[in-house]
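So the structure is just underneath, and the comments pick up after that.
The values are calculated or read from the model by the stated rules, or taken from the named source; none is laboratory data. What you see is a predicted model; the values in this text were computed from it and never measured. In this analysis, Cβ positions are derived from the backbone assuming ideal geometry, glycine residues included, and neighbour counts consider all displayed protein chains. Heavy atoms of the whole protein, side chains included, go into the accessibility calculation; ligands, DNA and RNA do not. Shrake-Rupley method; radii C 1.70, N 1.55, O 1.52, S 1.80 Å.
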There are 2 protein chains.
Amino acid sequence: MTLDDAALKNFGFIERPTKNMINIDPLQTGGILTEDARRALVEWGDGYSICDNCGGVLDLIKKPPVQEFVHEALPEFLGVDQARITHGARESKFAVMHAIAQEGDTVILDGLAHYSSVVAAQRARLEIRKVPHSEHPDYYIDPEGYGTAIEETISETGKAPALALLTYPDGNYGNLADAKKIASVCHEYDVPLLLNCAYSVGRMPVDAKELGVDFIVGSGHKSMASCGPIGVLGVNDDNGDYSDIIFRKSPTNKNKEIELLGCTARSATLMTMIASFPEVVKRTRNWDNEVADARWFSEKLEALGLIQLGQRPHNHDLMFFEAPNLYEISTRVKKGRYFLYKELKSRNIHGIKAGLTKFFKLSTFQVGRENLSYIVYSFEQIFKKFECWSFISFLFSIDH
Amino acid sequence: MTLDDAALKNFGFIERPTKNMINIDPLQTGGILTEDARRALVEWGDGYSICDNCGGVLDLIKKPPVQEFVHEALPEFLGVDQARITHGARESKFAVMHAIAQEGDTVILDGLAHYSSVVAAQRARLEIRKVPHSEHPDYYIDPEGYGTAIEETISETGKAPALALLTYPDGNYGNLADAKKIASVCHEYDVPLLLNCAYSVGRMPVDAKELGVDFIVGSGHKSMASCGPIGVLGVNDDNGDYSDIIFRKSPTNKNKEIELLGCTARSATLMTMIASFPEVVKRTRNWDNEVADARWFSEKLEALGLIQLGQRPHNHDLMFFEAPNLYEISTRVKKGRYFLYKELKSRNIHGIKAGLTKFFKLSTFQVGRENLSYIVYSFEQIFKKFECWSFISFLFSIDH
């Protein structure tokens, strides 16, 4: 590519086609900015603006109140002794793995772990052992599976795993495993537990100390109404001096934390997290209503012949559906497996991945009962349309 | 901290006090957003918005044109075979070090390297050997110093360094060392060279192939008019299959690049880089004028008794000044060493670190001749004011 004027015209400002649609994308419902965050973006958008008054340590900046946010508000919010900002949940996971494990050590992952947990372990050059889950339709993780996996690791390698991880909830079914019980099983073997809360911190109440977990990671762009990439990392020192290890300082640059490369979210992303924080705290207190909305929505879709997999009744806005009837339609319509995406798009609904009909996930978080009703109605209309078309094409087939 | 309403009021939207000031902060002059980038921020601000149409690989997204940007425009711009987006220059450096070196290997750094290069090497558990520079006032890096450092490493450890790094320019003096010659010296020993271009890519023309370097890293928030954190990483495979190593894929998740944890700048930050890119490309073509502005400004400050350290005549907008006369004023005025910061602030000028008077750095990048003239005039006024005060207080001392 030659960077002439014609080529450069492909860049510059680009519109976002989905911006005014009703959004049920599990990746996106928890990351929609609050009004304060949208203003903060413009106010602090310039690169390194947050560093106007930095004395050398990002999380100790007093104006704007980064220090108060990172060292007082966040630890309280997460229920930890120490908290830091990172580039995201995956970067938090890698930081923990890289800091507390040695190459070749084993990490235990739940069988429903997000791919980024796998890749973080691979980047840290760790061996992975997975705790199995039950199959369709529950996808249940038995806490005792952690004990088994730890014992198998010890018997095969002669060394306990460096870390165990639980995805809370998992990113496919939205299942919330028994984190407290799993932490207790891991601690019987002195194995610390990391809770991947990319889909929970910022949506629902989560307290690391209450659950007894050692590390908690969250995602700003996924669940804390922040412009990303940004995440949080909380460390609970009840079972070990973990924060000393993870936040160890450079021997040569005394105020720089090695594992964070000195500083992380050094820009407007952090100002959006701070801007949204008051609303984020408040919305976690509204979690029961969000769960009620999710259950209501699930019931309505099931009444249309879809099947909600995972925990029932469901405890999270992220839900996975099996839809044999939508799949059946896809096998006989012109647009094939893209029909559902296109039908929803034409009804101003975004978030079910293009090409999926038989199995898909969605999120009802902060969509609200009115929009959820409209989505249910839209599904009804789609079924009606294609049942009707089916009947018409049946008539035509008789004609021929 | 209890997260009650009173505590939460400390967060939310916060104004940026310096937003309308003339900015000469070296960290910030190259990161000021273009108008297109400012619009992109609002358009794409929601978390994970860039992933609307992601098929599983961030840099292969076609709408918006991420694939075209990362795989066509950026390699051309950087002069490399492969390019990727990262969270910033330091994260790019860590990715290269972590991928191509083994724990305990040595990395050669220039004596003027940014602290983040040191911390990245420490995070990757590498040994650091520095190439010395000449002292005050030049701070010159002799290319042959790389040969010496490599030979010393081999003779002491029995193994060649895994990597050499040059900061181009360094972040204190804005010196541009002879990168081409250094690359050639390193390659005599088969040691790859990484060029840290946090202060050059996006400001001035830099071409990795032309300079013969193997890796190039840049910073979006520092020099590419982007909202950060965001950076670029370019790999030139002329001297080895480096991109295969750095961008190796997960054995279990076949389309995910391990070293990037699957994906990096998965948000509006990337859309601001894309939005600013046309202007950024164009401004690098205006580099000669920027250098002319820097030299003009340096002459004017030297006429006031300040001394510009580093290369002379200077070749970069980032400049370091020694100011014995400002220091002298600071020793006898009420506000002490904060007087300069406060005087400049009262004249709407931001960017010289609070508390510095004897030695400080600044940047003239895109400040423009008119604002630079105003800054020179402001320095003149400050000198006049304090020389005058000095005279008045001398008179008072006679009275007593």
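Listed values, structure above:
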| item | result |
| --- | --- |
| Of all accessible heavy-atom area on the protein assembly as shown, the percent that carbon and sulfur account for (1.4 Å) | 49 percent |
| With DNA, RNA and ligands ignored, accessible area of A:R266 (1.4 Å probe; Å², nearest 10) | 0 Å² |
| Cβ-based charge dipole, the protein assembly as shown, positive-most Cα from A:N371, A:I246, B:N253 | A:N371 |
| Solvent-accessible area buried by A and B, counting both chains, probe 1.4 angstrom, square angstrom | 8500 Å² |
| Choice from A:Y199, A:Y139, A:Y173 with maximal GNM fluctuation in chain A (Cα, 10 Å cutoff) | A:Y139 |
| Estimated dipole of the protein assembly as shown in Debye, rounded to 20 [Cβ of Lys and Arg +1, of Asp and Glu -1, Cα centre] | 2100 debye |
| Lysines whose Cα lies under 18 Å from that of B:K130, excluding same-chain neighbours fewer than 8 positions away | B:K93, B:K159, B:K181 |
| Top of B:S200, B:S116, B:S363 by mean-square fluctuation, Gaussian network on chain B, Cα under 10 Å | B:S116 |
| HN-Hα J in Hz across the range B:273-282 - Karplus 6.51, -1.76, 1.60, θ = phi - 60°, x for Gly and Pro | 5, 5, 5, 7, 3, x, 5, 5, 4, 5 |
| Cα centroid separation, the range B:288-321 to the range A:340-354 (Å) | 57 Å |
| Separation in nanometres of the label points that stand 7 Å from Cα toward Cβ, at A:K254 and B:F383 | 3.7 nm |
| Spatial separation of Cα centroids for the range B:121-147 and the range A:50-76, in angstrom | 32 Å |
| Cβ charges +1 (Lys, Arg) and -1 (Asp, Glu), total dipole of the range A:29-283, debye | 960 debye |
| Positions from the range B:1-18 whose accessible area shrinks by 50 Å² or more when the full protein complex is built, not the chain alone, probe 1.4 Å | B:M1, B:L3, B:L8, B:F11, B:G12, B:F13, B:I14, B:R16 |
| Charged-residue dipole, Cβ positions (Lys, Arg, Asp, Glu), the range B:226-359 about Cα centre, Debye nearest 20 | 900 debye |
| Diffusion constant of chain A at 20 °C, which comes from Stokes-Einstein with the Kirkwood Cα-pair radius and 1.002 mPa s, µm²/s | 94 µm²/s |
| Simple label model, 7 Å out from Cα along Cβ direction - B:N289 to A:A6, nm | 2.6 nm |
| Among A:E152, A:E370, A:E343, residue whose mean-square fluctuation peaks in a GNM of chain A (springs only between Cα atoms under 10 Å) | A:E370 |
| Where the range B:172-278 is the region considered: accessible area per residue in Å², 1.4 Å probe | 25 Å² |
| Exposure of A:E15 as accessible area (Å², to 10), given a probe of 1.4 Å and all protein chains | 120 Å² |
| Percent antiparallel among DSSP beta bridges (both partners in the protein assembly as shown, rounded to 5) | 50 percent |
| Computed over the protein assembly as shown, the ratio Rg/Rh where both radii use C-alpha atoms and Rh is Kirkwood | 1.01 |
| Per residue accessible area in Å² of the range B:1-119, where ligands, DNA and RNA are left out and the probe is 1.4 Å | 32 Å² |
| Distance violations [Cα-Cα > 21 Å] among A:K63/A:K256; A:K62/B:K353; B:K335/B:K384; A:K282/A:K345 | A:K282/A:K345 |
| Pair A:K62, B:Y374: separation of 7 Å Cα→Cβ label points (nm) | 2.9 nm |
